[in-house]
Amino acid sequence: MKRCLLSVFLWVKKQLWSLIVAYMLGMHNFYHGDTRTADDPANKIEANEAQENESP
């Protein structure tokens, strides 16, 4: 009985770990990639490059 509970616990632990890793690699990065604000350094660099290209 004890061995069976341990194997179930380890299986659940592995499944939760895989879900956490999948969230961090996939959904989390996808969601936060779309929510960049104007204060982000990447947005400021893009805006500066666009202004430099527009000026004669």
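Each residue of the range 3-17 in order: what ³J(HN,Hα) in whole Hz does its phi give by Karplus 6.51 cos²θ - 1.76 cosθ + 1.60, θ = phi - 60°, with x for Gly and Pro?
My calculation for the range 3-17 gives 5, 5, 5, 5, 5, 5, 4, 5, 5, 4, 4, 5, 5, 5, 4 Hz in order.
What figure in square angstrom, to the nearest 10, would you give for the accessible area of Lys14 with a 1.4 Å probe?
Number for this one is 140 Å².
The values are calculated or read from the model by the stated rules, or taken from the named source; none is laboratory data. As the structure is a prediction and not an experimental result, all values here were calculated from the model. Surface accessibility is based on the protein's heavy atoms, side chains included, excluding ligands, DNA and RNA. Shrake-Rupley method; radii C 1.70, N 1.55, O 1.52, S 1.80 Å.
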